[in-house]
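J.: Below is one structure. I have some questions about it.
The values are calculated or read from the model by the stated rules, or taken from the named source; none is laboratory data. Worth saying up front: this structure is predicted, and the values here are computed from it rather than measured. Here Cβ is always computed from backbone atoms with ideal geometry, including for glycine, and neighbour counts include all displayed protein chains.
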Amino acid sequence: MKFLLALAHRIDGLSRAAAVVAIWLVLICALVSAGNALSRYALDLSSNAWLELQWYMFGGTVLLGAPKLLCTNGHIRVDLLYSKLNDRQRTWLDLAGLIVFLLPFAYFMVIYSWPWFVESWIQQETSANAGGLIRWPVKLLLPLGFALLILQALSEIIKRVAALQGLLALDTHYERPQQ
């Protein structure tokens, strides 16, 4: 179990690194958005490429940030059930959710999005919009993001099993988001 916990720690580090990229994408996306609006309204210049770049970066933000959100226990839960459970029950519920729902879904997303990316890469697919961008980089984000999510799910499974064995103390505290 010591080896698995060390592996989980490394996976958590990978998720943190992906989240740093996601955070930078948010800043760059905001700058591109402001620059695009400025050029459109002040200079009467517009480009589909800048709009598509914003979409690509938004996709990167979500797909590269999701593993870190899972790592920090920030994902959404069924509040009605989760808030009524004790720590051990929450750990079991998390473990079941990771194994039964998250891993299969993320696995199928990787399996089905990978050929979509490969086809786009081989064909050097570009956007149908005038001045649009190549499509394979954004299509690569799908299998990459879900593969990172699978790794983080495995890390969370390792940590929950260790917690159930009494080898690790987990913070299962969860507060319902303000509405």
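For every residue, the table says whether it meets (1) assigned to a loop (DSSP other than H, G, I, E, B); (2) over 20 Å from residue 117 (Cα atoms); (3) among the small types (Gly, Ala, Ser).
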residue: 46; (1), (2), (3): yes, yes, yes
residue: 49; (1), (2), (3): no, no, yes
residue: 52; (1), (2), (3): no, no, no
residue: 56; (1), (2), (3): no, no, no
residue: 61; (1), (2), (3): no, no, no
residue: 67; (1), (2), (3): no, yes, no
residue: 73; (1), (2), (3): yes, yes, no
residue: 81; (1), (2), (3): no, yes, no
residue: 84; (1), (2), (3): yes, yes, no
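J.: State which residue pairs qualify: first residue over 29 Å from residue 14 (Cβ atoms) and inside the range 71-90, second residue modelled with pLDDT under 85 in any location, beta carbons under 6 Å apart, and separation of 6 or more residues or different chains.
T.: Every condition considered, the pairs that remain are 79/176.
J.: Now, a different point. For the structure I just gave you, tell me whether residue 61 is closer than 27 Å to residue 14 by Cβ, in contact with a Lys or Arg (Cβ under 6 Å, 6 or more places away or on another chain) and hydroxyl-bearing (Ser, Thr, Tyr).
T.: No.
J.: Which one of 111, 122 is assigned to a helix (DSSP H, G or I), more than 26 Å from residue 152 (Cβ to Cβ) and either out of contact with any Ser or Thr (no Cβ under 6 Å at 6 or more places or on another chain) or not hydrophobic (A, V, I, L, M, F, W, C) (or both)?
T.: Every option except 122 fails the conditions.
For every residue, the table says whether it meets (1) surrounded by fewer than 18 Cβ atoms within 10 Å (Cβ to Cβ); (2) within 19 Å of residue 12 (Cα to Cα); (3) touching a His at 6+ places or on another chain (Cβ under 7 Å).
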{"residue": "93", "(1), (2), (3)": "yes, no, no"}
{"residue": "126", "(1), (2), (3)": "yes, no, no"}
{"residue": "133", "(1), (2), (3)": "no, no, no"}
{"residue": "172", "(1), (2), (3)": "no, yes, no"}
